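Structure first, then comments.
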Amino acid sequence: MVTSVAPRVESLSSSGIQSIPKEYVRTQEELTSITNIFEEEKKAEGPQVPTIDLKDIDSEDKLVREKSREELKEAAVEWGVMHLVNHGIDDDLLERVKKAGEAFFNLPLEEKEKYANDQESGKIAGYGSKLANNASGQLEWEDYFFHLIFPEDKRDMSIWPKSPSDYIKATSEYAKLLRGLATKILSILSLGLGLDEGRLEKEVGGMEELLLQMKINYYPKCPQPELALGVEAHTDVSALTFILHNMVPGLQLFYQGKWVTAKCVPNSIIMHVGDTIEILSNGKYKSILHRGLVNKEKVRISWAVFCEPPKEKIILKPLPEVVSEAEPAIFPPRTFAQHIQHKLFRKTQDALVSK
């Protein structure tokens, strides 16, 4: 049996094609809203993704500390996405992580293929390109590298890139610090719901079970960026998602009925609230719809780390403390695995209906 392998988008991009294959062309409905990302990023008017400064998040001054935490909570309620600055992770380390990931994608294609995943057999870790997983058969303009980076005892080091030489060290250090940042954010979001500060962390698996999965997204130059998407519109299934990027714009958020382009904020980490926290908070914190645009001039790379609860061990449902007669539970109980399946099923159904 021949397994179908999606073509590497990098190969398409470098082949000199002037028009993209039809399976990368988005639906008519989507095409009306795809614009030039560089023009969009320059716009100063309209709503902007909030920037949250974490330097006072643990201030000894109670008023300063509470104001800082309230700002983070408000951004999670209103937007569900934010730029984090003064997040406590050294700029030099962020640069090393980015340099190492970029160097991996700069390797010859045959080198990268040694790390190829096999999605059809369920082996999603490794180097890949998206297979069509919906009835519309559409593809996204990206290649990626995906692997678990924390907890350390659950990592499969055999698929971590050996080249460049700093990849393992830089990514491991980053994973450890990011896990600490996740605890801090979860505790603030917990307190924001009137819960004990450790509650949300416990509900998503705690230090032992919460998995940090890194997906390095590589978006090559696209000859017809007005027809394609790097990543189609979706919400993240995770508890939290943390994103670095190479300062090329591309991320858009669907806010108040319009697509808003995220600015490139130096030394920031973008953070999304995912579906898992939206469910636990009974919709008080938002998991925002977002997508990625591509362009003709520059390669865009982003490093997304998804903080995910264990697939089967925990039942995700609105916490009893945030449910009342006035605000009944708006999500049914599901495991994380069931939530993912539910989303895939709905996406397939929607695609069939729109055909």
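Of everything in the range 254-267, what is surrounded by fewer than 22 Cβ atoms within 10 Å (Cβ to Cβ) and either of a type in the set (S, T, N, Q) or over 18 Å from VAL49 (Cα atoms) (or both)? Give them in sequence order.
In the first step, residues of the range 254-267 are kept if they are surrounded by fewer than 22 Cβ atoms within 10 Å (Cβ to Cβ); the result is 254-260, 263-267.
Within the range 254-267, GLN256, ASN267 meet the criteria.
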**Fill in**
Residue hits (the range 122-137; charged (D, E, K, R) and surrounded by 15 or more Cβ atoms within 10 Å (Cβ to Cβ)) are LYS130
**Request:** Exactly one condition in (1) polar (S, T, N, Q); (2) loosely packed, with under 15 Cβ neighbours inside 10 Å; (3) within 25 Å of ILE52 (Cα to Cα) is not met by THR276; state its number.
**Result:** (2)
**Asked** List, please: which pairs have Cβ atoms under 9 Å, are six or more places apart or on different chains, and start with a residue in the range 133-144 that is at positive phi and end with one that is at pLDDT below 90 and surrounded by fewer than 23 Cβ atoms within 10 Å (Cβ to Cβ)?
**Response** GLY137/ALA351
**Item:** Candidates ALA76, ALA44, filtered to the one that is modelled with pLDDT of 95 or more and hydrophobic (A, V, I, L, M, F, W, C)
**Value:** ALA76
**Request:** Working only within the range 101-124, note down all residues that are touching a helix residue (DSSP H, G or I) at 6+ places or on another chain (Cβ under 8 Å) and of a type in the set (Ser, Thr, Tyr).
**Result:** TYR115
**Request:** Could you list, in sequence order, all residues of the range 247-300 that are under 29 Å from LEU227 (Cβ atoms), in contact with a strand residue (DSSP E or B) (Cβ under 6 Å, 6 or more places away or on another chain) and among the hydroxyl-bearing types (Ser, Thr, Tyr)?
**Result:** THR261, SER287
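Can you tell me which of GLU142, GLU111, GLU102 is within 13 Å of LYS215 (Cβ to Cβ) and among the acidic types (Asp, Glu)?
On the way: GLU111 fails: within 13 Å of LYS215 (Cβ to Cβ); GLU102 fails: within 13 Å of LYS215 (Cβ to Cβ).
The match here is GLU142.
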**Subset of the range 47-61 (residues that are exposed (fewer than 15 other Cβ atoms within 10 Å of the Cβ) and either modelled with pLDDT under 95 or touching a Phe, Trp or Tyr at 6+ places or on another chain (Cβ under 7 Å) (or both))** = PRO47, ASP58, SER59
**Asked** Can you name every residue in the range 205-222 that is closer than 20 Å to LEU139 by Cβ and either in contact with a helix residue (DSSP H, G or I) (Cβ under 8 Å, 6 or more places away or on another chain) or of a type in the set (Ser, Thr, Tyr) (or both)?
**Response** ILE216, TYR218, TYR219, PRO220, LYS221, CYS222
**Test set (1) closer than 30 Å to GLY206 by Cα; (2) aliphatic (A, V, I, L, M); (3) buried (at least 18 other Cβ atoms within 10 Å of the Cβ) - VAL85 fails condition number** = (3)
**Message:** Restricting to the range 140-155, count the residues that are assigned to a loop (DSSP other than H, G, I, E, B) and either over 24 Å from ALA233 (Cα atoms) or at pLDDT below 95 (or both).
**Reply:** 2
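Kindly indicate the residue of the range 189-227 that is of a type in the set (Asp, Glu), over 20 Å from MET82 (Cβ atoms) and over 20 Å from the mean Cα position of the chain (by Cα) and also modelled with the lowest pLDDT among those meeting that condition. Before the answer, list the steps.
Within the range 189-227, the subset of a type in the set (Asp, Glu) is 196-197, 201, 203, 208-209, 226.
From what's left, over 20 Å from MET82 (Cβ atoms): 196, 203, 208-209, 226.
Retained after the next criterion (residues that are over 20 Å from the mean Cα position of the chain (by Cα)): 196, 203, 208, 226.
Values: ASP196: 98, GLU203: 98, GLU208: 95, GLU226: 98.
Among those residues, the one meeting the criterion is GLU208.
Among the residues of the range 148-182, which ones are β-branched (Val, Ile, Thr) and touching a residue at least 24 places away in the same chain (Cβ under 8 Å)? First the steps, then the outcome.
Taking the range 148-182 as the starting set, the residues that turn out to be β-branched (Val, Ile, Thr) are 149, 159, 168, 171.
Answer for the range 148-182, where residues must be β-branched (Val, Ile, Thr) and touching a residue at least 24 places away in the same chain (Cβ under 8 Å): ILE149, ILE159, THR171.
Could you identify the single residue in GLU102, GLU71, GLU110 that is in contact (Cβ under 8 Å) with a residue 60 or more places away in the chain, out of contact with any Leu (no Cβ under 8 Å at 6 or more places or on another chain) and either at negative phi or not in a helix (DSSP H, G or I) (or both)?
Numbers: GLU71 fails: in contact (Cβ under 8 Å) with a residue 60 or more places away in the chain; GLU110 fails: in contact (Cβ under 8 Å) with a residue 60 or more places away in the chain.
One residue alone meets the criteria, GLU102.
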**Prompt:** Would you call GLU308 of a type in the set (Asp, Glu), over 25 Å from ILE34 (Cα atoms) and under 16 Å from the mean Cα position of the chain (by Cα)?
**Reply:** yes
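Out of the residues in the range 138-184 that are of a type in the set (Phe, Trp, Tyr) and under 18 Å from the mean Cα position of the chain (by Cα), which is surrounded by the fewest Cβ atoms within 10 Å (Cβ to Cβ)? Reasoning before the result, please.
Start the filter on the range 138-184 by keeping residues that are of a type in the set (Phe, Trp, Tyr), which leaves 141, 144-146, 150, 160, 167, 174.
Pick out the ones that are also under 18 Å from the mean Cα position of the chain (by Cα) and you get 141, 144-146, 150, 174.
Details: TRP141: 27, TYR144: 24, PHE145: 24, PHE146: 19, PHE150: 23, TYR174: 26.
Among those residues, the one meeting the criterion is PHE146.
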**Asked** Given the range 261-355, what strands (runs of 3 or more DSSP E) lie entirely inside it while holding 3 or more residues that are touching a His at 6+ places or on another chain (Cβ under 8 Å) and on the phi < 0 side of the Ramachandran plot?
**Response** 269-273, 300-308
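The values are calculated or read from the model by the stated rules, or taken from the named source; none is laboratory data. Just so it is clear, the structure is predicted and the values come from calculations on it, not from any experiment. Note that we place each Cβ from the backbone using ideal geometry, even for glycine, and neighbour counts take in every protein chain shown.
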